[in-house]
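Handing you a structure now.
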Amino acid sequence: MEKIVINGSNPLKGEVEISGAKNAVVAILPATILAQDVCRIENIPDISDVTMMIKILSQLGAQIKMINRSTLEIDTRGINSFIVPHELTKHLRASYYFLGALLGRYSRAKVSMPGGCCFGVRPIDLHLRGFELLGSKISIDNAMINASADKLVGSAIYMDNVSVGATVNVMLAAVKAKGLTVIENAAREPHIVDLANFLNSMGADVRGAGTDVIKIRGVDKLHGCTYSIIPDQIEAGTYMVAAAATKGDVLIKNVIPKHLESITKKLIDCGVEVEEFDEAVRVRCDKRPEKCNIKTMPHPGFPTDMQPQMTVLLALADGTSIVSESVWDNRFKYIDQLIRMGANISVEGKVAIVQGVEALKGAPVGADDLRAGAAMLIAGFAAQGQTVIENLSHIDRGYERFVEKFTALGGDIQRVNFPDEGESEAESAG
Ligand code: EPZ
């Protein structure tokens, strides 16, 4: 079994380059199916979710050419199937975007229920409702979602919950539907805007992305394009918090500062210095952070995907902070791991009460999911002594070359193989 070994309490100092956005690329790769043509995608992060997405595209019949580590050419002319089986979908939640993309191309799709991070119930009722309103018939048997339509027709779709996934999936199905689709109460995340920009580069007509009303006029045909993925807002936020939690000084490059606004504001509330440049932010902290309260909200609110990372900083703050998780039912599992490191946190439902301590102590911990794993990395760098983290497959899903990037910042981190310990349950579950 591979584990991460961190010897903590060195301040992280230096420069780090942010990679392409995971949650944008996992929506844009399936979207290439909508054109029977060649798309060149740049600034793709080298992460296991992308590897899985490429595997699914290849199994469907697409030809994928790797131009360099972050650039792919995807030829979807050879796609000859609308079925995505369980052994491919179980690894990542975003596999369900093939529903919208295959519906958009074939008016048919048969995709197994997705896998991905488990923090409470993750329904897909809004996705399926959206497809039905566009004219699809939906059935689920043996955990396979079957969607089919004679012809997709534009419709008014109100999202009861703000849902990134449902907004993406409806966009993918609607771009070639007949007539106008209006998505109300749409998600506004940067990756929604990135997908809309990509679809428009292919000849679609998507307007309003980034607001809560997205209008899509169906077109008959889409064509290939060249497109560069936006920088990853959450990877950037993770390095910002790591710099603050280790009392470091880090220049985080290749970012869009506007996407980081809510994170920047909360760090400043904690007494952390954040300086913004055109495509970079510099984060400095030379004292103990101050307490502050966090409530996760859909964009432009504080991102739920930054909640675990920020809680590590608050666990070291002077005073008591309240962290409210309003998006997911149960996204505090990682707190048990922080308590093993000496954190003083109690959880009541969707609220964590974080009483700051002077220092965390290194310990053996596990990564429960992707962002919980990121939180363990930050805790390890901030803690006194050694931290050993297992279940690395979660972290590899969303953080390109994180060992190299943290090492370049002066972090004492190694990926070590423990051969006699077999596979962690996460690795064996895939
Ligand atoms: C996306 O998940 C992200 N994943 C998640 O990031 C992120 O936490 C989440 O959006 C919120 O920002 C990807 O983009 C691949 P939602 P998604 O649909 O689309 C409810 C990470 O760490 N809901 O926006 O699955 C749902 O229960 C991952 O990168 C319904 O009720 O999230 C939740 O309470 C983890 N019915 C809320 O909406 C539905 O049909 C938001 O979920 C769909 C969602």
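The values are calculated or read from the model by the stated rules, or taken from the named source; none is laboratory data. Source: prediction; values computed, not measured. Every residue, glycine as well, gets a Cβ built from its backbone with ideal geometry; the counts of neighbours run over all protein chains shown. Quick note on the areas: whole protein, heavy atoms, side chains included, nothing else; ligands and nucleic acids left out. Shrake-Rupley method; radii C 1.70, N 1.55, O 1.52, S 1.80 Å.
Only Cα pairs under 8 Å and at least 6 apart count here; give the relative contact order of segment 88-139 as a rounded whole percent.
34 percent
Given a 1.4 angstrom probe, what's the average accessible area per residue across segment 1-146, in square angstrom?
38 Å²
With the Cα gyration tensor of segment 221-281 giving a ≥ b ≥ c as the square roots of its eigenvalues, does the rule (a/c under 1.5 for rounded; else a/b larger than b/c for prolate; else oblate) give rounded, prolate or oblate?
Note, shape of segment 221-281 comes out prolate.
Does segment 1-47 come out rounded, prolate or oblate by the C-alpha gyration tensor, with a ≥ b ≥ c the root eigenvalues, rounded set by a/c under 1.5 and, if not, prolate when a/b is larger than b/c and oblate if not?
Prolate, since a/c reaches 1.5 and a/b exceeds b/c.
Right, here's the next one. When all protein chains stay in place, what accessible area (Å², nearest 10, 1.4 Å probe) is found for Asp286?
Spelled out: Asp286, probe radius 1.4 Å, area about 130 Å².
So what are the ³J(HN,Hα) numbers for segment 404-418, from phi and the Karplus equation (6.51, -1.76, 1.60; θ = phi - 60°), rounded to whole Hz, Gly and Pro as x?
4, 5, 6, 4, 5, 8, x, x, 8, 9, 9, 9, 10, 8, 10
From Cα pairs below 8 angstrom and at least 6 apart in sequence, can you work out the relative contact order of the chain, rounded to a whole percent?
Relative contact order, the chain: 21 percent.
Further question on the same structure: On the protein heavy atoms, probe 1.4 angstrom, tell me the percent of accessible surface of segment 350-425 carried by carbon and sulfur.
On segment 350-425, the fraction of accessible area on carbon and sulfur atoms equals 49 percent.
In addition: Write down the Kirkwood hydrodynamic radius of segment 287-430, to one decimal in angstroms, obtained as one divided by the mean of 1/r over all alpha carbon pairs.
Radius from the Kirkwood sum: 15.7 Å.
Turning to a different aspect of this structure: For a 23 Å ceiling on Cα separation, which of these pairs sit above it: Lys333/Lys361; Lys90/Lys333; Lys90/Lys253; Lys3/Lys247?
With Cα atoms farther than 23 Å apart: Lys90/Lys253; Lys3/Lys247.
Sticking with this one: Around Val84, which amide H atoms from residues at least 5 apart in sequence, or from another chain, sit under 5 Å from its own amide H, with H modelled in the peptide plane?
Here Lys110, Val111, Ser112 satisfy the definition.
Same structure again: Carbon and sulfur atoms: what percent of the 1.4 Å accessible area of segment 48-160 do they account for?
Of all accessible area on segment 48-160, carbon and sulfur atoms account for 51 percent.
Starting from segment 232-340, pick out the trypsin sites (Lys or Arg not before Pro) whose DSSP state is loop and whose Cβ has at most 11 other Cβ atoms within 10 Å.
Lys287
Over segment 339-430, what is the mean sequence separation of C-alpha contacts under 8 Å (at least six apart), divided by residue count, expressed as relative contact order in percent?
22 percent
Next up: Using R₀ = 22 Å, calculate the FRET efficiency as 1/(1 + (r/R₀)^6) where r is the Cβ-Cβ separation of Met297 and Glu404; round to 0.05.
Efficiency at R0 = 22 Å is approximately 0.10.
Which chymotrypsin sites (Phe, Trp or Tyr not before Pro) does segment 238-331 hold that lie in a coil by DSSP with at most 15 other beta carbons within 10 Å?
Phe277
Give me the percent of Cα-Cα pairs in the chain that sit more than 42 Å apart, rounded to a whole number.
When all Cα pairs of the chain are counted, 13 percent exceed 42 Å.
Taking H as built 1.01 Å from N, whose amide H comes closer than 5 Å to the amide H of Leu222, not counting residues under 5 places away?
Gln36
Also, I was wondering about something else. Out of residues 5 or more away from Ser9 or on other chains, whose amide H comes under 5 Å of its own, with H placed 1.01 Å from N in the peptide plane?
Residues meeting the amide H criterion: Ala382, Ala383.
Would you mind classifying segment 270-361 by shape? Square roots of the alpha carbon gyration tensor eigenvalues, ordered a ≥ b ≥ c; an a/c under 1.5 is rounded, otherwise it is prolate if a/b is larger than b/c and oblate if not.
Cα axes put segment 270-361 in the oblate bin.
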